[in-house]
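Colleague: Quick one: this structure, given as structure tokens, is what I'll be asking you about.
The values are calculated or read from the model by the stated rules, or taken from the named source; none is laboratory data. Being a predicted model, the structure only gives us computed values, none of them experimental. Here the Cβ is made from the backbone with ideal geometry for all residues, glycine too, and neighbour counts use every protein chain on show. Remember, those area values only see protein heavy atoms, side chains included, never the ligands or the DNA or RNA. Shrake-Rupley method; radii C 1.70, N 1.55, O 1.52, S 1.80 Å.
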Amino acid sequence: VCHAAGVAGAPKAGDKAAWAPRIKTGMDALYASSIKGKGAMPPKGGNLALADADVKAAVDYLVGLVK
């Protein structure tokens, strides 16, 4: 939901310019911030029941939209 609307500064899905600096940090950094949370983004997008692998799959999907 947050990445669809850009809530709290979340980069919108498919916005290459917004995702570019994040992708530049590397996938490991993106995975870590998604799993642990960062700024307004809660750990695991607010669903602590998600497995780390599921969170990583979501990150892969969002990054794939801009490559």
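Results for (1) assigned to a helix (DSSP H, G or I); (2) at pLDDT 95 or above; (3) surrounded by 12 or more Cβ atoms within 10 Å (Cβ to Cβ); (4) polar (S, T, N, Q), shown as yes or no for each residue.
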{"position": "Pro21", "(1), (2), (3), (4)": "yes, yes, no, no"}
{"position": "Leu30", "(1), (2), (3), (4)": "yes, yes, yes, no"}
{"position": "Leu50", "(1), (2), (3), (4)": "no, yes, yes, no"}
{"position": "Val66", "(1), (2), (3), (4)": "no, yes, yes, no"}
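Colleague: Mind counting the residues in region 32-41 that are modelled with pLDDT of 95 or more and not in a helix (DSSP H, G or I)?
Modeller: Selection size over region 32-41: 1.
Colleague: Kindly indicate which of Ala8, Ala17, Ala4, Ala40 is touching a Gly at 6+ places or on another chain (Cβ under 7 Å) and open to solvent by 60 Å² or more (accessible area, probe 1.4 Å).
Modeller: Answer to the selection: Ala40.
Colleague: When both residues are 6+ apart or on different chains and their Cβ atoms are under 8 Å apart, which pairs have a first residue that lies in region 44-67 and is under 19 Å from Asp15 (Cα atoms), and a second that is open to solvent by 70 Å² or more (accessible area, probe 1.4 Å) and at pLDDT 95 or above?
Modeller: These pairs meet every condition: Val66/Lys16.
Colleague: Can you tell me which residues in region 16-46 are under 13 Å from Cys2 (Cα atoms) and among the polar types (S, T, N, Q)?
Modeller: Correct list: Ser34 only.
Colleague: So how many residues does region 1-38 have that are in contact with a Pro (Cβ under 8 Å, 6 or more places away or on another chain), more than 12 Å from Lys67 (Cα to Cα) and touching a residue at least 40 places away in the same chain (Cβ under 8 Å)?
Modeller: 1
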